[in-house]
Amino acid sequence: MRSLMMSPPLESVFARELAREVDRRLRAVANPDDAAPMAAYLKGIQPFVGVKAPARRAATRDLSRRFQPADARELRQALWALWELPYREARYTGIEWIEGLPREARGPELIDLYEAMIREGAWWDVVDAVCARLVSPLYLRERPALYATVERWATDEDLWVRRAALLAQLKHRDEADAEQLFRFCAEMAPEKAFFIRKAIGWGLREYACYRPRQVRDFLIAHRERLSGLSVREASKHLEKLGAPLPKGGEGSS
């Protein structure tokens, strides 16, 4: 895992203490009966200890205040220490821990860490959380510095990195870069992968809340290339927003 980041060995006292505290807290509130169903829901990608989101967040909500890294190096060490715990909930906690740190601790120098988290997470639960909680707010603040990185993601061989490019502007509202969003959606429209098609629809649906007519016009212009799934997801709220999709705009199979 660490080889992706070329980061220093996980030897810091801070990293060990944070991982030990997270492990103690999560195990204290775990329900072993929930572990197997939670793992099965995510196709067995990783073991779970059995802590659902409300209990996990209640048990760890003060971590960002109590454990503040001295610098980016220490943050990276601590994050990977959490991710090396042998259950999925520790990864969710790592994402939420970074999200809760002061803004100055979450600068553009962390984008390669987020990319590694996406590659290592390699499933929608972690990838979407990294995008929504970490990548999207950082990209909104630092678009010029990160634009080339997000552009590179859109053509990456890794499906999850391409999905991250589509979701990098979640919650940007009317500040989203429409040209980039629409271009990514058009370029990835021919892809057959469910998680790409779903992300196209999700990204467009979010933007439609603020620019419904632009999204409708994009769907009409690209109806022959977009999958039915992408169109259905993107158009869910268009009628309510006053920009209904005409009949026959359902997309391809």
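No lab work stands behind these numbers, since they all come straight from the coordinates. Bear in mind that the values here come from a model prediction, so they are computed numbers and not experimental data. Please note: Cβ atoms are built from the backbone with ideal geometry, for glycine as well, and neighbour counts cover all protein chains shown.
Give the order of 182, 48 when sorted by the count of other beta carbons within 10 angstrom, beginning with the fewest. Before the final figure, lay out each step's value.
Details: 182 20, 48 23.
Ascending Cβ contact count within 10 Å gives the list 182, 48.
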Which distance in nm do the two modelled labels at residue 239 and residue 71 give, with both placed 7 Å along the Cα-to-Cβ direction? 5.8 nm
Enumerate the lysines that residue 247 could reach by cross-link, defined here as Cα to Cα under 23 Å, with residues fewer than 8 away along the same chain left out. 198, 236
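In whole Å, what three semi-axes, largest first, describe the equivalent ellipsoid of the chain built from its Cα gyration tensor (square root of 5 times each eigenvalue)? Can you show the working numbers first?
Values: eigenvalues 244, 82, 51 Å².
Semi-axes from the Cα gyration tensor: 35, 20, 16 Å.
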Using a ≥ b ≥ c from the Cα gyration tensor of the stretch 64-161 (square roots of the eigenvalues), is it rounded, prolate or oblate, where a/c under 1.5 gives rounded and otherwise the larger of a/b and b/c decides, a/b for prolate? oblate
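Taking the Cα centre of the chain as origin, sum charge times position over the Cβ atoms of Lys and Arg (+1) and Asp and Glu (-1), and report the length of that vector in debye to the nearest 20. List each step's numbers first, then the result.
Working: 42 positive and 37 negative charges, 151 e Å.
Dipole size: approximately 720 debye.
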Farthest toward the dipole's positive end in the chain, which of 100, 218, 78, given Cβ charges of +1 (Lys, Arg) and -1 (Asp, Glu) about the Cα centre? 218
Residue order, fewest to most surrounding Cβ atoms within 10 angstrom, among 184, 14: 14, 184
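Taking neighbour Cβ counts within 10 Å as the exposure measure, how do 83, 123 sort from fewest upward?
On the way: 83 21, 123 14.
Sorted ascending by nearby Cβ count, the order is 123, 83.
Could you give the semi-axes, largest first, of the ellipsoid that matches the stretch 91-210, computed as the square roots of 5 times the alpha carbon gyration tensor eigenvalues and rounded to whole Å? Walk me through the intermediate numbers first.
Values: eigenvalues 87, 53, 34 Å².
After diagonalising the Cα gyration tensor, the semi-axes are 21, 16, 13 Å.
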Given the options 176, 40, 72, state which has the largest fluctuation in a GNM of the chain using a 10 Å cut-off (strictly under) for Cα springs. 40
Can you compute the helix-only [θ] at 222 nm over the chain? Use -39500 (n - 2.57) per DSSP H run of at least 4 residues, normalise by all residues, nearest 500 deg cm²/dmol. -17000 deg cm²/dmol
Which of the listed residues, 134, 199, 122, is farthest toward the dipole's positive end in the chain, when Lys, Arg count +1 and Asp, Glu count -1 at the beta-carbon? 199
Can you grab the distance from the C-alpha centre of the stretch 193-242 to the C-alpha centre of the stretch 41-84, Å, no decimals? 33 Å
With label points set 7 Å from each Cα along the Cα-to-Cβ direction at residue 214 and residue 14, the distance between them in nm comes to 3.9 nm
Quick one: divide the alpha-carbon radius of gyration of the stretch 185-253 by 2.2 N^0.38 Å and tell me what you get. 0.95
